Amino acid sequence: MSAMGRIGVLTSGGDAPGMNAAIRAVVRTGIYYGYQIVGIRRGYAGLLAGDMIDMELGSVADIIHRGGTILRTARSEEFTTEVGQAQAYENLVAAGIDGLIVIGGDGSLRGAAALAQRGIPIVGVPATIDNDMAGTDVTIGFDTAINTAVTAIDRIRDTATSHERTYIIEVMGRLSGQIAIAAGLAAGAESIVVPEALISSEQICERLQRGFQRGKRHSIIVVCEGAGSGYAISERIEALTGLRPRVTVLGYIQRGGSPTAQDRILASRLGAYAVELLRQGQGGYMAALQGGQLVSVPIEQVVGRPRDFDSQLLLLSQILSI
Ligand code: F6P
C-alpha cells in the first residue's frame, strides 16, 4: 500500500480486553506512516450500514487502559451471506478504503478471508478471550480474562475453606479449555474439566474422595462451558457422593475490565504490526505471535482450524492437585 492511502479498522465478535489498545496502535502507527484511518463502528454490521468515522491521533487518547471497544462490536448474520459480503465490499470501495484491519476472533477472521477474496487487502488481529485460534501463541484478551477468573476463584476458595465445601466454577471458552486450564492451574483447582479431555463425573468424584481421605475438606472444580453445565455436573456429583457442590458461573465478567499490561503490550505490538503488513502489501494475513516473535500467517490457514491441544498444563495441574 502506498502512503497516503486509507486504512479501515473494525472490531468484531465478542469483545476482548485489549481491543482498545489494538485500535490505538493501528490509528497511531497508521498516522505515523501517513495513512488516513477510518474507524468502522459495530463490526461488519456497521460496515454494511456505512457507519464510519475518521480517526485522529486524539480519538484514541485515554483508551489503552479501558476494556471493551470504543468502536463497538457486533455479530452480523447478514455479513455471512454472499449478498452481505458484496455490499460490504462496495461500501469499502465507496469509502475509498484501500486496506482493512479486522480485530476479532475466528469467526471475524473468517469474514475477513471472504472479503479479502473480493480484492481488498485485509490483515487480521487475533482478539478473543477464548485463546482458541490456531497460528498464534496467544490472543488479545486471554491474559486479562484468566486473571479475572483467578481473582474470582481465589475469593470463592476463601469461602470454600471456611465452609469446607466443594465449589464448581464454570468459565467461558466455548469448546476451548484454554481459560479453564490456565485459570484452574493458577488458582490451584482440584479438578479441571475441558472439552478436549473430558473426564466423567465418576472420575471427578474419585479425585474428590482421594482428597477427603487425606484430610482435604474443600475442593475447587473448574469447568469450561463447552464441557457441560456446572449445574449438571453438580447434580451428578450430588447423586454419586451426597455432597452438594455450590456453582458459580463467571460469565461475562471475564470479557470486561481493564486489560493487563501483557494484553496491552500484545495488542500494541499486533496492532502496529498489522499496519506494517498492509504497508508491505501483505494482505490476507493474520498478525500473530509465535515464540515471542511477530509473524504473519495466511488467514486461510488459521480460520476454522482448531488450535492444537497441548495437554501439558492440564497434566501439571493434576499432578499438583494430587
Ligand atoms: O468468544 C468469546 C465468548 O465470550 C465465549 O467465551 C462465549 O461462549 C461467547 O463469547 C458468548 O457470546 P455472546 O456474547 O454472543 O453471548
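Can you compute the charge dipole magnitude of the stretch 21-89 about its Cα centre, using +1 on each Lys and Arg Cβ and -1 on each Asp and Glu Cβ, nothing else charged? Give it in debye, rounded to the nearest 20. Intermediate values should be presented prior to the final figure.
Values: 7 positive and 7 negative charges, 59 e Å.
The calculation lands at about 280 debye.
Compared with the dominant Cα axis of the chain, that is its longest principal axis, helix 142-163 is turned about 20°. What shape does the stretch 144-254 take by its C-alpha gyration tensor, where a ≥ b ≥ c are the square roots of the eigenvalues and a/c under 1.5 counts as rounded, a/b above b/c as prolate, and the rest as oblate? Cα axes put the stretch 144-254 in the oblate bin. For the stretch 116-129, 3J(HN,Hα) computed residue by residue from phi via the Karplus equation (6.51, -1.76, 1.60; θ = phi - 60°) reads 4, 5, 7, x, 10, x, 10, 10, x, 10, x, 9, 6, 5 Hz, glycine and proline entered as x.
Using the Cβ-Cβ distance between S200 and R246 with R0 set to 30 Å, the FRET efficiency from 1/(1 + (r/R0)^6) comes to roughly 0.90.
When only Cα pairs under 8 Å and 6 or more residues apart are kept, what is the percent relative contact order across the chain? It would help to have the intermediate numbers written out before the result.
Working: 741 pairs, mean separation 76.0, N = 322.
Computed over the chain, the figure is 24 percent.
Note that the stretch 255-272 has calculated 3J(HN,Hα) couplings of 8, x, x, 5, x, 5, 4, 4, 5, 5, 5, 4, 5, 5, 5, 5, x, 5 Hz, one per residue in order, obtained from phi through the Karplus relation 6.51 cos²θ - 1.76 cosθ + 1.60 (θ = phi - 60°); glycine and proline are x. Pairs of Cα atoms nearer than 8 Å and 6+ residues apart set the relative contact order; for the stretch 144-254 it is 39 percent. Summing Cβ point charges (Lys, Arg +1; Asp, Glu -1) relative to the Cα centre of the chain gives a dipole of roughly 620 debye.
Hey, with R₀ at 22 Å, roughly what FRET efficiency would A94 and E56 work out to, going by the Cβ-Cβ distance, to 0.05? Write down the numbers at each step before the final one.
Details: r = 22 Å, r/R0 = 0.99.
Efficiency for this residue pair is about 0.50.
Which length gain, in nm to one decimal place, applies between D158 and L316 when the Cα-Cα distance is subtracted from 0.36 nm times their residue separation? Intermediate results must be reported in sequence, preceding the final value.
Working: separation 158, 0.36 × 158 = 56.88 nm, distance 2.32 nm.
Between D158 and L316, full extension yields 54.6 nm more.
What the Cα atoms of the stretch 130-207 give is an Rg and a Dmax of 13.4, 44 Å.
Note: the stretch 248-322, Cα convex hull, 163 Å³ per residue. With equal scatterers on the alpha carbons only and no solvent term, can you work out the Debye log10 of I(q)/I(0) for the stretch 1-62 at 0.21 1/Å? Reported log10 I(q)/I(0), two decimals: -0.84. Applying both filters, DSSP loop and at most 11 other Cβ atoms within 10 Å, to the trypsin sites (Lys or Arg not before Pro) of the stretch 128-176 eliminates every site. Dividing the convex hull volume of the alpha carbon atoms of the stretch 184-311 by its residue count gives 152 Å³ per residue.
I'd like the per residue volume of the convex hull spanned by the Cα atoms of the chain, given in cubic angstrom. Walk me through the intermediate numbers first.
Numbers: hull volume 38.1 nm³, N = 322.
Value for the chain: 118 Å³ per residue.
Between the stretch 140-159 and the stretch 230-293, the C-alpha centres lie 12 angstrom from each other. How many angstrom separate the Cα center of the stretch 96-125 from the Cα center of the stretch 19-82? The stretch 96-125 and the stretch 19-82 have Cα centres separated by 13 Å. The Stokes-Einstein estimate for the stretch 55-180, based on a Kirkwood radius over Cα pairs and taken at 25 °C with 0.890 mPa s viscosity, is a diffusion coefficient of 140 µm²/s. GNM remark for the chain: springs join alpha carbons under 10 Å apart, and the peak mean-square fluctuation among G96, G141, G30 falls on G96.
In this structure the amide hydrogen of S219, modeled in the peptide plane, comes within under 5 Å of the amide hydrogens of R165, T166, Y167, none closer than 5 places in sequence on its chain. Amide H contacts of L100 (H built 1.01 Å from N, in plane; Pro and chain starts excluded): G8, I122, V123 sit under 5 Å, all sequence-distant by 5 or more or on other chains.
Restricting to the stretch 1-100, compute how many DSSP beta bridges are antiparallel as a %, nearest 5.
Working: 4 of 11 bridges.
Antiparallel bridges: around 35 percent, rounded to the nearest 5.
Only the coordinates and a few stated rules stand behind these numbers; no lab work does. Note that the coordinates shown come from a computational prediction; the quantities given were computed from them, not determined experimentally. Ideal geometry is used to build each Cβ from the backbone, glycine not excepted, and the neighbour counts take in all protein chains shown.
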